[in-house]
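Reading through the structure tokens given below for one structure.
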């Protein structure tokens, strides 16, 4: 019997009919059972069988169903289909303990935070390469090489290619076949497009990076932003059937949904419901705004994916939606002319800290002008900036902090602070600020150590002694200073 | 016949009764006439006659009336009083042309800007030393020495002494006499207090600095913030009778009026009306908020005196109130622990520019920790920071720009810009930003020169050639960069 690692992908491939339109005419899926639990999973048609060494008829098509088992032990399955040759195929496998580094999918934990399914904490430190997976293998491999040593554990990326300033190139793959008329045949997906996408999602998984998949976006010259509702829905179900078994997938309904003129709020609600009902594993779901927030309080939204430059509002958003706040887009380090892409590295790092000490999570992006228009923010490649290293420094600090995450504790004239009351405080004085002293009011009767963190220089300097109650401490009198205050245990 | 320079002070002193309470019992004033115009001016009691060489009875009191003539030519006057010895005294003087450097009082000009009475432009570049005039002569002279070479042409200062953090010292003078009970006798002013104040206002005038006189403020341990209405009103009239003839006086009803719990909105309205009706010269009037703006649209408000950290709202405030916007307080350069006093010099300069390119005016203050608590922001002394020089650089740029002032022209993803359409553009890219190129859309058919201004390094670098229509220019890719674009004439 086959062994499948917990939260890895079990895949069953069957040959089946290729006549008619298998994407639409053939229904195929499977029921996976463990003890009293049965999970129904959609399969998908993956195109004509191109395996020349196969014993099967070369005119057959390939059907696959993928499953991510979340419980160790014996599982069995039986396929279901409206075509006899695909129906009632049975089998078993054993779900084994995960290998090191496989912590399962990420879930919301402790209302405002995240954790892997195995309970280990996950602090999202994301970056953005919207269209990196549409750049061809050479650049895509370079991007993966960069990610190997970069500090990021989440990647925002679009399923569809991107048309925008600095993004004029034609993608390698398209999602649909062309009809004889030269127009897209929206009834026929292009399996190569999705196979390539899966390859890249798998590459990210192997690097420990969550793939925040953007399902729709407005930057389009090919028609992906203006498909009809039937095509939209079929696309969603097909993508989910293919990708949901990847443990590192998140679903972002859209980037800047409010710029997509062809969609209504009812469309977005429907997309959420389709994703919610189609994904057997309930991967994280969000939607990303340009100007106006979607109502993140709606039940199918697992966390807030925010575009906003003012991280000072993070606490307010937490209180408004009672969900994790991920400010995926607060401006990017770079030197282009647009305001969203001309932040100094200092300012981007500053925004990370401003969001962090208000109990939120912030995302990275980089937009330096490049002779071939290879800007990390959309195409990947290599990093040119100085913020990524500092963001990695912040990640290290979070990962040795409270496992449950840190929540906002105070924000006043002097300081902004998140932590766990009486245990742990991470305080930040701010960019553009240079206090030379702070008066801090710590709980009486408990001793604390205080460390001065230079978030830009990436140094952590312990202050001598321990502290309790009201204390005044001296600071370097320069910007980008934080304090870590921990209970002596 | 005496000569009095235009916009200088004509003063008539008369000896009069000292019995009873001359501050309340004696009414004294004068009518000043030029051709068909008659200006009624209040005089004031200035205390017992201490001039030993005087021929007069040493038990007499001194009464003065001051007048600032605004029209050259012959003037005559006649005093009015409820006491015979002060009534009907007549005289003449000639108002002569002003000396160089005397441009008269500052007025609102061109809706959002200011100009001196002689028509020369005035661009307010203010600083704040709230209580500098209560620190004793040694420190006060040092402050004046600093101001002599500093770039400021406006000073925010309180009539009353200040009690606050870093401000625990007792003032040299108090505004009232003490009664035998040890309590203040609010019916009797202390002339020495006001004489000293006038001396300092005159010192500022001689340095070309407008004195933005804060009439009330909440930081008080002596009782000035909680006087009854009768005392408040008498104080206002007395102060105006003494000070209004100083051409460099502005009236600020309060600092952080909304923190003064003992006052109602009706009180503030009344104060404005009293100042408006008592000041024969209609000096500028404003009121300064902490959290909530007073309705600056009210008719007696000449300009908006704002406390706010976000200069991005300047254009909005202009549109809201249709008056000049002076952001007197946007945070100070310094290293104290409070957010309002720990800005880096870069950030304060940045805020000046952000306000300027939105058609507003911004104020300076400095709050570096000092072993004797001599912080410029309240006590004066010397400047320790780095922003003042850059603010002076901005002042120079404004003073060679359009005389009518610059108005906001555009604010988009790329640039914020104020100027005069088709003639002059002052653009600012921002702090924390580092665009390496800008695409600018200049009017077609007109040639412009472009200069790159490094607002921090204080350099102005002309770009080669001239520009018209859509153009792309290369920038240094660092923060604090502005552009000056001027029509070729």
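No value in this document is a laboratory result; all are computed from the given coordinates. Just so you know, these numbers come straight off a predicted model, no measurement behind them. For neighbour counting, all protein chains shown are included, and Cβ atoms are generated from backbone atoms with ideal geometry for every residue, glycine included.
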Using Cα pairs closer than 8 Å and at least 6 residues apart in sequence, work out the relative contact order for chain B, in percent. 12
Within 10 Å of each Cβ in peptide B:232-238, how many partner chain Cβ atoms are there on average? Round it to a whole number, please. 0
How much space per residue, in cubic angstrom, does the convex hull of the C-alpha atoms of region A:315-410 take up? 112
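At a 10 angstrom cut-off on C-beta neighbours, averaged per residue, how do the peptides A:439-445, A:122-128, B:288-294 rank from highest to lowest? List each step's numbers first, then the result.
Working: A:439-445: 13.1, A:122-128: 24.3, B:288-294: 16.6.
Result, highest mean Cβ count within 10 Å first: A:122-128, B:288-294, A:439-445.
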For chain B, longest principal axis from Cα atoms; helix B:137-149 axis from its Cα atoms; angle between them, nearest 10 degrees, is 40
Compute the Kirkwood hydrodynamic radius of region B:62-198, taking the inverse of the mean of 1/r over all pairs of distinct Cα atoms, and give it in Å to one decimal. 19.1
Note: A:425-433 gets an average of partner chain Cβ contacts (10 Å, Cβ to Cβ) equal to 4
How big is Rg to Rh over region A:106-399, alpha-carbon atoms, Rh as the Kirkwood inverse-mean-distance radius? 0.94
Tell me, how many Å apart are the Cα centres for region A:110-134 and for region B:377-410? 46
Output the relative contact order of region B:273-315, whole-number percent, from Cα pairs under 8 angstrom with separation of 6+ residues. 36
What per residue convex hull volume, in Å³, comes out for region B:318-371 when only alpha-carbon positions are used? 71
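Taking N as the number of residues in region B:174-239, what is its Cα Rg relative to 2.2 N^0.38 Å?
This ratio for region B:174-239 stands at 1.23.
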Two-decimal log10 I(q)/I(0) for region A:2-96, as the Debye equation yields it once each C-alpha is a single scatterer, q = 0.12, 0.18 Å⁻¹: -0.39, -0.80
Shielding score for B:332-342, defined as the mean number of other chain Cβ atoms within 10 Å: 6
Compute the whole-percent fraction of alpha carbon pairs in region B:407-487 spaced more than 19 Å apart. 28
Among A:328-339, B:105-116, what's the highest-first ranking by average C-beta atoms within 10 angstrom per residue? A:328-339, B:105-116
By how many degrees, 0 to 90 and rounded to 10, does the Cα axis of helix A:229-243 deviate from the longest principal axis of chain A? 80
Computed from every Cα-Cα pair in region B:355-400, P(r) in 5 Å bins starting at 0 and rounded to whole percents is 5, 19, 25, 18, 15, 12, 6, 2, 0
For region B:53-116, the fraction of alpha-carbon pairs in successive 10 Å shells from zero, as %: 14, 30, 28, 20, 6, 1
Quotient of Cα Rg and 2.2 N^0.38 Å for the protein assembly as shown, N being how many residues it contains: 1.20
Taking the Cα atoms of region A:354-489, report the difference between the largest and smallest coordinate on each principal axis, in whole Å and largest first. 60, 32, 25
Calculate for chain A the 222 nm mean residue ellipticity that helices alone would give, adding -39,500 (n - 2.57) per DSSP H run of length 4 or more and normalising by residue count, nearest 500 deg cm²/dmol. -6000 deg cm²/dmol
Once both axes come from the Cα atoms, what is the angle between helix B:345-356 and the longest principal axis of chain B, in degrees from 0 to 90, rounded to 10? 90
Stokes-Einstein translational diffusion, region A:144-211 - Kirkwood Rh over all Cα pairs, 1.567 mPa s, 4 °C, in µm²/s: 93
